[in-house]
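Each remark here refers to the structure printed beneath this line.
Laboratory data are not the source of any read-out in this text; all were calculated from the coordinates shown. In this text, all values refer to a predicted model and were calculated from it rather than measured experimentally. Cβ placement follows ideal geometry from the backbone for every residue including glycine, while neighbour counts extend to all protein chains displayed.
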Amino acid sequence: MNELYWRIFLNFSFFIIMLFIAGFYCILVTRNLIRVMIGLELLIKAVTLFLVVACYVSGQAALGQALIITLIVMEVVMIAVLAGVVLSIYRHNNSLDARRLRELKG
Amino acid sequence: MTINLMLLTAMIIAALWTVMGRSLLKASIGLALTSAIITILMFRLDSPLAAVFELSVCTGLITAVFVSTISLTKPLTFPEIKKLSKDRNKRFRYLPMIIILVGMALAYINLKMDFSAVREALPEGAHETDVRNVLWNTRQLDIFGQIIMILTGTFGVIILFKGTRKR
């Protein structure tokens, strides 16, 4: 692989790892369900950016774009369903605290 | 490359603001900002179609979903906010330190380690350049997958909201 492309790949990868850590930390630490969704979004954004960079440096930009479009569609569907689940939980518990989910029966 | 590094740094700052901010509304705006910066990076990395999708869907639609979800929930009272923010600060204070430490470790790895063997093993790229050909010819099944996902999502949202209305 070309040295310039390799350098681009490394630089982007480092920032992507940091973005991934930020999202993962948010999911681990927070108790608010909407914040969990935000953390999940950050994780998906890190994956999207990694796909873009990997496809760019390997010369497969067109294939990468097709994959990213699929990923974005799945992301939207997932967030819409998650928002519905979070609202249902809120109406049931009157709280967005994830710890309240332990009180569910079943 | 300098512009890319500046954009990447801005992206990390926006992500940190999103994660560490107190207000949920500001967090969703921070997420949209992160998404917008990623869009610019996508344009710079020869992925204009994906960038347009990211801008319209992730920056626009998902932010709208977040804002409407936040608006449908009850805002906290002032004593609750005060109590929670103290607790939040305690839990989130390690994140910037972790990010800085990981950044330093990665920079050290980048400077000290020799990746030339890995670099040589990776193939040179010169492939299909038209995204329409890839989407409609090579990855046809993805389209069906996307349709199924959208229908599943629609069905899921209908079921969820129907259930809450009955209750």
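Some values worked out for this structure:
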read-out: Order of B:Asp142, B:Asp130 - criterion: other Cβ atoms within 10 Å of each residue's Cβ, fewest first; value: B:Asp130, B:Asp142
read-out: Mean residue ellipticity (222 nm) of chain B, computed from DSSP H runs ≥ 4 via -39,500 (n - 2.57), nearest 500; value: -24500 deg cm²/dmol
read-out: Point-charge dipole on Cβ atoms (K/R +1, D/E -1) for the protein assembly as shown, about Cα centre, debye to 20; value: 2000
read-out: Simple Cβ-charge dipole of the stretch A:3-103, Lys/Arg +1 and Asp/Glu -1, about Cα centre, in debye nearest 20; value: 360
read-out: Per-residue average of Cβ from other chains inside 10 Å of A:81-90; value: 6
read-out: Partner chain coverage, peptide B:82-89 - average Cβ within 10 angstrom; value: 1
read-out: GNM top mover of B:Leu55, B:Leu111, B:Leu24 - chain B, alpha-carbon springs below 10 Å; value: B:Leu111
read-out: Directionally averaged shadow of chain A, computed from the convex hull of its alpha-carbon atoms, nm²; value: 7.8
read-out: Chain B shape via C-alpha gyration tensor axes, a/c threshold 1.5; value: oblate
read-out: Three-way shape label, the protein assembly as shown, alpha-carbon gyration tensor, a/c 1.5; value: oblate
read-out: Footprinting exposure proxy for B:Ile13, B:Ile147 (fewest neighbouring C-beta atoms within 10 Å first); value: B:Ile147, B:Ile13
read-out: When each of B:Lys83/B:Lys162; A:Lys105/B:Lys26; B:Lys90/B:Lys162; A:Lys105/B:Lys74; B:Lys26/B:Lys90 is checked by Cα-Cα distance, pairs over 30 Å; value: B:Lys83/B:Lys162; A:Lys105/B:Lys26; B:Lys90/B:Lys162
read-out: Over the stretch B:1-68, relative contact order from alpha-carbon pairs under 8 Å, at least 6 apart, %; value: 30
read-out: Gaussian network model of chain B, springs between alpha carbon atoms under 10 Å - residue of B:Ala14, B:Ala105, B:Ala36 with greatest fluctuation; value: B:Ala105
read-out: Restricting the stretch A:45-106 to trypsin sites (Lys or Arg not before Pro) in coil, as DSSP defines it, with at most 14 other Cβ within 10 Å; value: A:Lys105
read-out: C-alpha center-to-center spacing [the stretch B:131-147, the stretch A:45-106] in angstrom; value: 21
